[in-house]
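To start, the structure itself, in structure tokens.
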Amino acid sequence: MRLKPQQIEDFNSSRLKPLKFQLDAFSTIHGDAESLIKKVSDFRIAIPSWALGTGGTRFGRFPAGGEPAILDEKLEDVGLLRSLTGTADAISLHIPWDIPSNAFAVRQLADELGLRFDAVNSNTFQDQPGQRLSYKFGSMQHTDPGVRQQAIEHNLEVIEYGRQLGSKSITVWLADGSSFPGQLNFRNAFQNTFQSLEAVYKHLPEDWKMFIEYKAFEPNFYSMTVGDWGQSLLFASKLGSRAFTLVDLGHHLPNANIEQIVALLLMEGKLGGFHFNDSKYGDDDLTVGCINPYQLFLIFNELIAGMDERGMSHTADLGWMIDASHNLKDPLEDLIQSVDAILTAYCKALLIDQIKLNNAQRENDVVLSQELLQMAYLTDVRPLISEARRRIGAAVDPLTAYRSLKCRAELIADRGKASRATGL
Ligand code: RM4
Ligand code: MN
Ligand code: MN
């Protein structure tokens, strides 16, 4: 399903008058909003190919119908998100769930839809049909050099697919670790993993980055070999200047101070990418901002301050991706809500007066420091986001547009009720 620019324009037309009124009110209270609107309209986020189907849990799955069964359909779904939001303009492929066997044709379709290819993701956490050796006891950490070699070769193959599509980064997330005390020699597991990562890193194209994603637990429950940002940073630092840490919001122990982690990684020039989602307990992969939007805002405060200090582009210098998927919502509605939450947190964090905040911090004015954050957080930035969207030809209210244009019904009519996406 593809939307015509006219459909978006028609949807927007009746909403422009109230929007103008809200924008004028915003400027009267807060001053000129132009630079904020510009930054929001420039922001771009990638969608993972595995989030377009219903997520499910190990207990069951309740598909929404009309799921994209093949890669072309996944691209079309992201194209739909792009038309509606203007912000979601890239897809992140997970190999082998989505193999671009005809890279040329896939690229052509992406071009037609105005999409980029974000990081490619390797998968050495599942055994694939016909695979020679098993990852049951890990992949890059494995005691058997044959298994490690197989994992290395898989990652090289993933890079090759990405190269053909124009990706510029690979994300390595390892399920490696142990579930029982005594199972693993931690030092050997680290060394093996490092040597395997190094073998992949050696083949990384010059203009590529390697992201090393950590996770505190699951599927291993006693130790994870890349379990936290310290371990990831250790690997990334030993590997070299094109290796970075990737932060997935759901991959921490409860109540971890993620904003502090982000601040320090950025300070060290070692933050590479970001996976957005929200959670209450573990790697829940819930819609971004649904549980703890204030934390997301605090994270964006550190991201913006850290990037600005290093002269980094908010849009191009970090890999932004949504990594959320679950069982209850229409996956596209879920992604629209996630995009919305990210832009809202970003825009609110842009409102923080960093100079005043620095002064208040220097003077140990704890109350004012907190006030400066909360004043920004409590500001309603929705009109700015709608205006940013209007300017890039997207819907001023993408969720309502998706519903009123009956997108899911059309997808079900095209693909059937039972079509299933590959992935988790
Ligand atoms: C992991 C991690 C990775 C994602 C897989 C599907 O928990 O978040 O980023 O590729 O799930
Ligand atoms: Mn992730
Ligand atoms: Mn995860």
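The values are calculated or read from the model by the stated rules, or taken from the named source; none is laboratory data. Remember, predicted model here, so these are calculated numbers, not experimental data. Here the Cβ is made from the backbone with ideal geometry for all residues, glycine too, and neighbour counts use every protein chain on show.
List of remarks:
- Residue within the stretch 193-208 that is within 16 Å of ligand 2 (Cβ to nearest atom), of a type in the set (Phe, Trp, Tyr), closer than 30 Å to residue 47 by Cβ and out of contact with any Ser or Thr (no Cβ under 6 Å at 6 or more places or on another chain) present: no
- Qualifying residue in the stretch 63-75 (condition: farther than 30 Å from residue 165 by Cα and under 23 Å from the mean Cα position of the chain (by Cα)): no
- Restricting the search to helices (runs of 4 or more DSSP H) fully inside the stretch 328-424 and requiring at least 2 residues that are touching a Pro at 6+ places or on another chain (Cβ under 7 Å) gives 331-350.
- Only one of 118, 176 that is within 16 Å of ligand 2 (Cβ to nearest atom), among the charged types (D, E, K, R), within 21 Å of residue 320 (Cβ to Cβ) and touching a strand residue (DSSP E or B) at 6+ places or on another chain (Cβ under 8 Å): 118
- Taking the stretch 246-277 as the range and being within 15 Å of ligand 1 (Cβ to nearest atom), part of a strand (DSSP E or B) and free of Cβ contacts under 8 Å to residues at least 60 places away in the same chain as the test, the residues that pass are 247, 274.
- Unmet requirement for residue 263, which otherwise passes all of (1) of a type in the set (A, V, I, L, M); (2) within 16 Å of ligand 3 (Cβ to nearest atom); (3) more than 19 Å from residue 148 (Cβ to Cβ): (2)
- All positions within the stretch 286-333 that are within 16 Å of ligand 1 (Cβ to nearest atom) and out of contact with any helix residue (DSSP H, G or I) (no Cβ under 8 Å at 6 or more places or on another chain): 286, 319, 321, 327
- Subset of the stretch 53-71 that is in contact with a helix residue (DSSP H, G or I) (Cβ under 6 Å, 6 or more places away or on another chain) and modelled with pLDDT of 95 or more - its residue that is farthest from residue 89 (Cα to Cα): 66
- The residues in the stretch 223-243 that are of a type in the set (Gly, Ala, Ser) and not in a helix (DSSP H, G or I) can be counted, and the count is 5.
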